[in-house]
Amino acid sequence: MSPDSELKRKFKILLIITGVIIIPVLVSPLPEFKTPLSTVVEARNGSLLGARIADDGQWRFPSSGVVPDKFRKALLTFEDRYFFFHPGINPVAIVRAFRDNFKANEIVSGGSTLTMQVARLSRGNRSRTYCEKFIEMLQALKLEVFKSKKEILRIYTANAPFGGNIVGLDAAAWRYTGKSPADITWAEAAALAVLPNSPSLVYPGRKPETLRTRRNKLLEKLFEREYFDSLTLVLALDEPLPGEPRPLPSTAPHLTDMFFLKNRGERIRTTIDPVLQERTAGIINLHQKELAGNFIFNSAALIIDVPTGEVLAYVGNSTIEGSAEHGEDVDIIRSLRSTGSILKPILYAGMQESGAILPNTLVQDIPTRFPGFSPKNFDQSFSGAVPAGYALSQSLNIPAVGMLQKYTPEKFLELLGKTGFTTFNKNADFYGLSLILGGGETSLWELAGVYASLSRVLGRYNKEKKHFRGDYRQPVLLKNEIQPEEFAVEPNPPLSAGAIWLTYEALRKVNRPETETGWQYFASAPEIAWKTGTSFGFRDAWAVGTTPGYVIGVWAGNADGEGRPGLTGITAAAPILFEIVGIINPVPWFTAPYEELTNVTVCPQSGFRAGPDCPESEEISACINGLRSEACPYHSIIHLDKTRTRQVNADCVPVSDIINESWFVLPPAMEYFYRQKHAEYNPLPPFAPGCATGKSLPVMEFIYPTPEIRIFIPRDNTGELTRVIAEVVHRNPSKKIFWHLDEKYLATTRFIHQTELEAEAGDHVLTVVDEDGNMVKCLFNIVL
């Protein structure tokens, strides 16, 4: 045979042998793991907030992608110290295992590498047979071709059994040590490294001596390899063994449940600050024990970082013992609840922005009725007229309804949508004026998110374009979400920085709860703009506060909607808010956005833009549109005699004896209630005898009915129609007033000007005339 023929023959043999080896490897399936995974929720630093078991009942965490150094060294020392040198199979180990099995006449050793164990785990840990071993070898070789050693080690670590229903290092570390895998000690790493070899034999808590022996031998080998010093060895040998599996951390159970429904089987890294989360949950549970005494069983809190919009704490509900039967599982943060008066600051800011009012414009606070709706202040009192900023800080309902009537519900709904609310999805006719007092619903999630967006506007000044930029969006909960600088910012936000700052200045003056009495005397007391809200029927108590650094939202009530006496924002939610404020580092207050403010000359008494008849004026900061606001309507020039105690005119005294003076005059209804709380108010002097009464300023005003109102007359429990009580105020209550309905005389009143009306359905005219001949009429409609 020629040399060339011999060479070709050997080459064919080599190809055949190579094919016999390679082809089975190539056609073998690549090991895959399609088992269901647990849902894992982590804080911003990677610590565990909570987890939910996989669909097959196993605690099998999604891989973190990292194998801790201590565990890697312990595992390779114990299982496969040649891991980084063999191609997936270790021929020496296989021969040794075959020899041992032959001598014992049974399988006592597998000779498997970690790569082969990955293949075996992917096949469901089938019975050990020579056929299975051969398949594992083929798959191991293929795995080594397509995966790096680092990736193979990661796959093994994530899928190795650790006893019971615990699979993978991450789940094992948390269940056995209560720590993240990155934080385990050498002793814990060694104990965990020996478990996958025979998890049932050395399951923690059942056969401690077997586990201790194996762990200690491994620790000694690690010491011999100089992975740590002798002192570390002594300390590691003295460490206690892992015991029975521990409960997993559950510091954010409602957040975990949410991700379990939305991102099942995933590892979610959130923006939550674990320390702040735990302390906030502790505060919620502490206050919940007190609230439960009034049968108030649920509360929640949300903290958002203003600059980034990241959620720092998410306490969806209280978790005190025994609260499961009272809706503890309900995530209040995402639940829609009646807003109460928590939206009033948005309305105030909108009216500042539009120039409809200035910061302290007087707004009326008198008895007010609308069809099917009669707003009342919480204390059931009336002030006649109050500055708009005071009305906001004191959360007065009647002024708020009047402001919304002037602003219009249509514009307010549009503003709510632009600032980030999505839950007000009906038209303005559906909500009406009750929208400002809880006629709509929102969630704590959206409420806190909107306030964070508003606060963020004050910190986003564009020096080049010389304006503040808007950044209205939902809070950020996931670390891998788009970062704030990548969000498109609005060059013309719906509310300017000036309007927001003026609103926050008013909210800084809100009276704090009794627990905060005297806060202003402490230099360390944080500045915060905050607002409470209470829904109709005492069902929802809200409190929201903001600083340049963070927004805190709090809700208290019952998840099933049951109202309770005393369930108000100031008593139930505000104390929680301020205790949370106390655990957060204070930051300097907002800088006034003078670039978007202007000086406006106002009347100090009325708060309106100063008019020609105002005797005094002062300059305040206001939105630019405030320059177009209404001039003071309450100062008028009146004519007095020389004693300044009587009104006169040119028909009764010489012109030379008339003194002209500016006088602060409120409309009759406002004046009636304003005088009761303002002793300094000077009513108009009476006219001198013989002088004709001036007709320029009204002396009477209807409180009810109001002009053009439609009145529905219900029936009482006997079936009879109820009566309408009409009421008028007079600048001089001692004057007699004569009442006429549709030109028919009804009654005469003095001091208290009220009378009953009995009328058929349809249009009617109510006329009142005082003894001086002053007259006022009111057209109204009755519906039966």
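Structure notes:
- When each of the peptides 69-81, 299-311 is scored by how many other beta carbons lie within 10 Å of its residues on average, the order from highest to lowest is 299-311, 69-81.
- Averaged per residue, segment 273-371 has 33 square angstrom of accessible surface, using a 1.4 angstrom probe with ligands and nucleic acids left out.
- Ranked by the mean number of other Cβ atoms within 10 Å of their residues, highest first, the peptides 231-238, 272-279 fall in the order 272-279, 231-238.
- Applying both filters, DSSP loop and at most 16 other Cβ atoms within 10 Å, to the GluC sites (Glu not before Pro) of segment 112-204 eliminates every site.
- Normalised per residue, the accessible area of segment 613-767 is 58 Å², obtained with a 1.4 Å probe and no contribution from ligands, DNA or RNA.
- At the residue level, Lys777 shows approximately 130 square angstrom of accessible surface with a 1.4 angstrom probe and all protein chains present.
- Mean residue ellipticity (222 nm) of the chain, computed from DSSP H runs ≥ 4 via -39,500 (n - 2.57), nearest 500: -9500 deg cm²/dmol
- In the context of the full set of protein chains, residues of segment 142-199 present 29 Å² of accessible surface per residue (probe radius 1.4 Å, heavy atoms only).
- Each other residue within a Cβ distance under 13 Å of Ile272 adds +1 if Lys or Arg and -1 if Asp or Glu, for a net charge of -1.
- Taking Ile637, Ile711 and ordering them by how much accessible surface each has at a 1.4 Å probe, largest first, produces Ile637, Ile711.
- Counting only aspartates and glutamates at least 8 places from Lys744 when in the same chain, those with an alpha carbon closer than 17 Å to its own are Glu756, Glu758, Glu760, Asp763, Asp770.
- Within the same chain, aspartates and glutamates fewer than 8 places from Lys70 are excluded, and of the rest, those with a Cα less than 20 Å from its Cα are Glu79, Asp80, Glu151, Asp170, Asp183, Glu188, Glu220, Glu224, Glu226, Asp229, Asp238, Glu239.
- Local net charge near Asn298, Cβ-Cβ under 14 Å (Lys/Arg +1, Asp/Glu -1): -3
- Considering only the Cα atoms of segment 680-729, their convex hull presents on average a projected area of 6.9 nm².
- Per the Debye calculation on the chain with a single equal scatterer at every Cα and no solvent contribution, log₁₀ I(q)/I(0) for q = 0.06, 0.09, 0.10, 0.11 Å⁻¹ amounts to -0.58, -0.95, -1.08, -1.21.
- Assigned charges on the beta-carbon of Lys, Arg, Asp, Glu; segment 164-315 dipole about Cα centre (debye): 580
- Rg ratio for segment 569-711: its Cα radius of gyration over 2.2 N^0.38 Å, N being its residue count, equals 1.56.
- Those Cys residues of the chain for which no other cysteine Cβ falls under 4.7 Å: Cys131, Cys623, Cys778
- Helices assigned as whole DSSP H runs in the chain whose Cα atoms extend at least 27 Å along their own long axis and whose mean Kyte-Doolittle hydropathy is 0.0 or higher are found at 3-27.
- For segment 134-269, the number of Lys pairs separated by eight or more positions or lying on different chains, with C-alpha atoms closer than 25 Å, is 9.
- Entries in Lys376/Lys736; Lys289/Lys344; Lys376/Lys777; Lys376/Lys531; Lys34/Lys479 that, when Cα-Cα distance is taken, lie over 21 Å: Lys376/Lys736; Lys289/Lys344; Lys376/Lys777; Lys34/Lys479
- Exposure check, 1.4 Å probe, all protein chains in place: Arg123 carries approximately 50 Å² of accessible surface.
- Across the options Val401, Leu447, Ala726, the greatest Cα extent toward the positive end of the charge dipole of the chain (unit charges at beta carbon of Lys, Arg, Asp, Glu) belongs to Leu447.
- Per-selection Kirkwood Rh - segment 585-633 (Cα, Å, 1 d.p.): 12.0
- Distance from segment 522-598 to segment 331-396 (C-alpha centre basis), Å: 17
- In percent, rounded to a whole number, the relative contact order of the chain is 10, using alpha-carbon pairs under 8 Å and six or more apart.
- Rounded percent of accessible protein surface that carbon and sulfur make up, the chain, 1.4 Å probe: 54
The values are calculated or read from the model by the stated rules, or taken from the named source; none is laboratory data. What you see is a predicted model; the values in this text were computed from it and never measured. As a convention, Cβ positions derive from the backbone with ideal geometry for all residues, glycine included, and neighbour counts pool all protein chains shown. Only protein heavy atoms, including side chains, enter the accessible area calculation; ligands, DNA and RNA are left aside. Shrake-Rupley method; radii C 1.70, N 1.55, O 1.52, S 1.80 Å.
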